[in-house]
Amino acid sequence: MTIKIGDTIIEYDKNFRFFLTTKLRNPHYLPEVSTKVTLLNFMITYEGLTDQLLAIVVAKENPELEIKKEELVLENARTKNKLAETENSILTVLKDSKDILGDASAIEILGAASVLTIEIEKKQEISKVVEAEIDEQRLGYKPIALRTAGLFFCI
């Protein structure tokens, strides 16, 4: 068996291991290289890897729980966006209106924004409770994620 490095062909030994390191954050390798090697990213933190592994383990062992968690995260992001949009509309009305008390449309927009803000805050409170319940159930899988992350960093 042989291997070609540059222009030179040398004999290949099954015990041979070749390691490359780089300080680049996201190096790009040709597809021919990527399919023949194992790439390890050591830039990840222990906590970040533990969270990723926990999500993988929960998705394998209890998929509906992980789906609920993902939906909850997406819903929280949507409500935060709505809240930001509401705040922006309030600021726009306040900026553009010369006489807020006399402007019926401004009062209507502020009233609707107030109702929407209250609804969003209620949803966020409910989602915090649900998220705490889901996280409590996920804690049963945490030792697996911690052990696996530890093994990764030992390697």
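Multiplying the residue separation of LEU116 and GLU87 by 0.36 nm and subtracting their alpha-carbon distance yields 9.4 nm.
Bridging of LYS36 to lysines at a Cα separation below 26 Å is possible for LYS4, LYS14, LYS23, once same-chain residues fewer than 8 apart are set aside. Apply 1/(1 + (r/R0)^6) to the Cβ-Cβ distance of ILE100 and HIS28, taking R0 = 35 Å, and write down the FRET efficiency to the nearest 0.05. Efficiency, from the Cβ-Cβ distance: 0.05.
Applying a 10 Å radius around every beta-carbon, put 51-63, 24-36, 71-83 in order of their mean neighbour count, most first.
51-63, 71-83, 24-36
Projected over every direction and averaged, the convex hull enclosing the alpha-carbon atoms of the range 49-98 yields 4.2 nm².
Computed on the range 36-155, with alpha-carbon pairs under 8 angstrom and 6+ residues apart, the relative contact order is 43 percent.
Pairs of lysine residues in the range 46-154 that meet both criteria, 8 or more places apart or on different chains and Cα atoms under 22 Å apart, total 23.
Ordering THR79, LEU54, VAL93 by Cα displacement along the dipole of the range 46-154 toward the positive end leaves LEU54 in first place; charges were set at the Cβ atoms of Lys, Arg (+1) and Asp, Glu (-1). Whole-percent P(r), the chain, all Cα pairs, 10 Å bins from 0: 8, 21, 19, 18, 15, 11, 5, 3, 1.
Rounded to the nearest 20, the Cβ-based charge dipole of the range 1-92 about its Cα centre (Lys and Arg +1, Asp and Glu -1) stands at 260 debye. A Förster distance of 22 Å, applied to the separation of the beta-carbon atoms of GLU133 and ALA59, puts the FRET efficiency at 0.80. Here the dipole of the chain is about 800 debye; that uses its Cα centre as origin and unit charges on the Cβ of Lys and Arg (positive) and Asp and Glu (negative).
Just so you know, all these numbers are worked out from the coordinates, no wet-lab data involved. Quick caveat, the model's predicted, so the values are computed rather than measured. No Cβ is skipped: glycine too gets one built from the backbone with ideal geometry, and neighbour counts run over all protein chains shown.
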